[in-house]
1. Filtering region 42-61 down to residues that are more than 16 Å from the ligand (Cβ to nearest atom) and touching a helix residue (DSSP H, G or I) at 6+ places or on another chain (Cβ under 9 Å), which residue is nearest to ASN4 (Cα to Cα)?
2. Look at VAL71 and say whether it is in a helix (DSSP H, G or I) and within 30 Å of VAL140 (Cβ to Cβ).
3. Return yes when GLY41 is in the same structural domain as ASN4 (by TED's automatic domain parsing), surrounded by 12 or more Cβ atoms within 10 Å (Cβ to Cβ) and at positive phi and no when it is not.
4. How many of the residues in region 1-15 are more than 9 Å from the ligand (Cβ to nearest atom) and either touching a residue at least 40 places away in the same chain (Cβ under 8 Å) or exposed (fewer than 13 other Cβ atoms within 10 Å of the Cβ) (or both)?
5. Could you check ARG82 against (1) closer than 30 Å to LYS125 by Cβ; (2) surrounded by 14 or more Cβ atoms within 10 Å (Cβ to Cβ); (3) away from the ligand (no atom under 16 Å from the Cβ) and say which number it fails?
6. In region 20-41, which residues are within 15 Å of the ligand (Cβ to nearest atom) and polar (S, T, N, Q)?
7. Among the residues of region 64-102, write down those that are out of contact with any Pro (no Cβ under 7 Å at 6 or more places or on another chain) and within 17 Å of LEU36 (Cβ to Cβ).
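The values are calculated or read from the model by the stated rules, or taken from the named source; none is laboratory data. Note that the structure is predicted; figures quoted are calculated from it, not measured. Please note: Cβ atoms are built from the backbone with ideal geometry, for glycine as well, and neighbour counts cover all protein chains shown.
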Amino acid sequence: MSENVYECNSCLYKTPRRTNANRHITLIHNGIAIALNKKTGKLSSQKPITNHKSEVDLETQIIYDIFNDIVTSFERLEFLVRFFPEQMRVNFLSDTLIESLLNTEPHKVINEKIKTIQNEIPIVKLSNYISARKKLELPVAIVFLKELVVNSPAYEFRKAQKEKKYQLKV
Ligand SMILES: [Zn+2]
């Protein structure tokens, strides 16, 4: 039996056949996903590699340009998620990198991620302590901490302040 070497990055689909992988990407994900050959590192839909010297140079230059373009944003994101547990951090960064490279302007995808994740960073950082102390999975610790805050006097106090401000404006 042949091995399922092609793996979709967007779902759990696996197949030994390149043609099946390409059909899956087109039909299921509208072409916005990749199927990776785990043995070779190549994509199921990879363009044939060019042989002419000038085209090879151009190809290399474009590859360098794209990575140079995303590296600053990516490092910013890396810094932000440094408190994530190792596996979670690696999965998140790796998935974001692939998602960004499926886009016309990869750095914009990464910058969007930064915007959405920025507010979550303090709670994730602090939840690590709860997770270790109470032997909870991190996502559970995050929920626990959010619940705790919603029911805290600090929350009531802030809510009252915000409502007062809102009433003054109206
Ligand atoms: Zn898929």
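1. Among residues in region 42-61 that are more than 16 Å from the ligand (Cβ to nearest atom) and touching a helix residue (DSSP H, G or I) at 6+ places or on another chain (Cβ under 9 Å), the one nearest to ASN4 (Cα to Cα) is ILE49.
2. Numbers: in a helix (DSSP H, G or I): yes; within 30 Å of VAL140 (Cβ to Cβ): no.
Against the criterion (in a helix (DSSP H, G or I) and within 30 Å of VAL140 (Cβ to Cβ)), VAL71 does not qualify.
3. no
4. Residues meeting the conditions: 3.
5. (2)
6. Matches in region 20-41: ASN20, ASN22, THR26, ASN30, ASN37.
7. VAL90, ASN91, LEU93, SER94, ASP95, THR96, LEU97, ILE98, GLU99, LEU101, LEU102 - these are the residues of region 64-102 that are out of contact with any Pro (no Cβ under 7 Å at 6 or more places or on another chain) and within 17 Å of LEU36 (Cβ to Cβ).
Yes/no matrix, rows are residues, columns are (1) under 15 Å from MET88 (Cβ atoms); (2) modelled with pLDDT under 95:
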| position | (1), (2) |
| --- | --- |
| ALA132 | yes, yes |
| GLU137 | yes, yes |
| PHE144 | no, no |
| LEU148 | no, no |
| ASN151 | no, no |
| GLN161 | no, yes |
| LYS164 | no, yes |
| LYS169 | no, yes |
